[in-house]
Amino acid sequence: MGDRMTELSAETIQQRLAPRAVRYYDRVDSTNDLALDWLRAGAPAGAAVIADEQVKGRGRLGRTWHTPPGVALAVSVVLRPEPAHLPQIMMLGALAICDTVAASGVSNAGIKWPNDVQVNGRKICGVLPEAVWDGDSLLGVALGIGLNVRVNFAGMTLEHTAASLEPVLGRAVNRLEVLAALLERVDFWYARLGSAALFDAWKSRLTMLGQAVTVNDLHGRAEAVAVDGALLVRDSAGGLHRVLAGDVASGT
Ligand code: BTN
């Protein structure tokens, strides 16, 4: 791997990712904020904001996302999908990460609905798409992706639920190369947005289909997913519930 101090820099990123439009920062509040600003200012689809450290990283459901310096990837990609394809954006993010970690040598990455990428039941990556509208018209989406590369969670509340790529692989990786591979997979799936292939690939990587789950205080069996990404949960009385957002856990 490269020297950790020079692994990510404006120069290395510009060179490696050319001709993509990119902006790199050592430290930001949230790459999603900067990508949303750039999107409003006319950034092209595929433009990426990358930071070494986030101090106010955002997660799903109003949570914070931990991106200390030198140990993770925080990237937000500007996309300009049709409104009808919005539900597939979060599938795209999770799939791109799954492909990237699989290509680096992790054979058992899966997606915990809707878009947490997990290895051995621990979360290695999170995806946060945020859309910008002008009235009824969709201007675009900032697809935020956070990947733990060598984050030390020891002593943190996340210690037993989070994972990092390097300890899982048992070897060092270069964050710039992981980033380049990830953006290539984002491009790949973005070119297939709206396709059955994208939905099928996302569905095939979901880890909990057919299992007993609890989600939003609802207990039942994760029976299926709908094309809009909703999780369909069958309760013990036979009722079928559509769940659009939430945290799913194993067991009832
Ligand atoms: C989750 O809760 O699982 C989603 C986490 C998303 C984190 C990424 S890191 C890059 C981008 N910037 C943010 O503030 N959040 C996303």
Worksheet item: Among the listed residues VAL233, VAL178, VAL173, VAL243, which satisfies the condition of being aliphatic (A, V, I, L, M), farther than 19 Å from MET90 by Cα, surrounded by 14 or more Cβ atoms within 10 Å (Cβ to Cβ) and not assigned by TED's automatic domain parsing to the domain that holds CYS98?
Response: VAL233
Worksheet item: ALA201 passes all but one of (1) surrounded by 15 or more Cβ atoms within 10 Å (Cβ to Cβ); (2) farther than 30 Å from VAL71 by Cβ; (3) in contact (Cβ under 8 Å) with a residue 24 or more places away in the chain; which number fails?
Response: (2)
Worksheet entry | Hits in the stretch 18-64 - residues which are closer than 25 Å to PRO114 by Cα and surrounded by 23 or more Cβ atoms within 10 Å (Cβ to Cβ) | SER30, THR31, ASN32, ALA35, LEU36, LEU39, ALA48, VAL49, ILE50, ALA51, GLN54, GLY57
Worksheet item: Among (1) farther than 17 Å from ALA94 by Cβ; (2) surrounded by fewer than 16 Cβ atoms within 10 Å (Cβ to Cβ), which single condition is GLY220 missing?
Response: (2)
Response to the item:
Picking from LEU139, LEU92, LEU86, the residue that is in contact with a Phe, Trp or Tyr (Cβ under 7 Å, 6 or more places away or on another chain) and away from the ligand (no atom under 16 Å from the Cβ) would be LEU139
Discussion item. Among the listed residues ALA172, ALA180, identify the single one that is away from the ligand (no atom under 16 Å from the Cβ), outside any loop (DSSP other than H, G, I, E, B) and either in contact (Cβ under 8 Å) with a residue 60 or more places away in the chain or of a type in the set (Val, Ile, Thr) (or both).
Written reply: ALA180
Worksheet item: When VAL119 is evaluated against the numbered criteria (1) more than 15 Å from ARG175 (Cβ to Cβ); (2) within 11 Å of the ligand (Cβ to nearest atom); (3) aliphatic (A, V, I, L, M), which criterion, by number, is the only one it fails?
Response: (2)
Discussion item. Return the residues of the stretch 51-69 that are more than 9 Å from the ligand (Cβ to nearest atom) and among the aliphatic types (A, V, I, L, M); say none if nothing qualifies.
Written reply: VAL55
Discussion item. So, in the stretch 142-168, how many residues would count as being part of a loop (DSSP other than H, G, I, E, B) and either more than 16 Å from the ligand (Cβ to nearest atom) or at positive phi (or both)?
Written reply: 5
Practice prompt. State all residues of the stretch 93-120 that are in contact with a Gly (Cβ under 7 Å, 6 or more places away or on another chain) and of a type in the set (A, V, I, L, M, F, W, C); if no residue qualifies, say none.
Written response: none
Worksheet item: Hey, LEU8 hits all of (1) surrounded by 21 or more Cβ atoms within 10 Å (Cβ to Cβ); (2) within 13 Å of the ligand (Cβ to nearest atom) but one; which does it fall short on?
Response: (2)
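The values are calculated or read from the model by the stated rules, or taken from the named source; none is laboratory data. Everything numeric here is computed off the predicted structure, so don't read it as measured data. All Cβ positions, glycine included, derive from the backbone under ideal geometry; neighbour counts span all protein chains shown.
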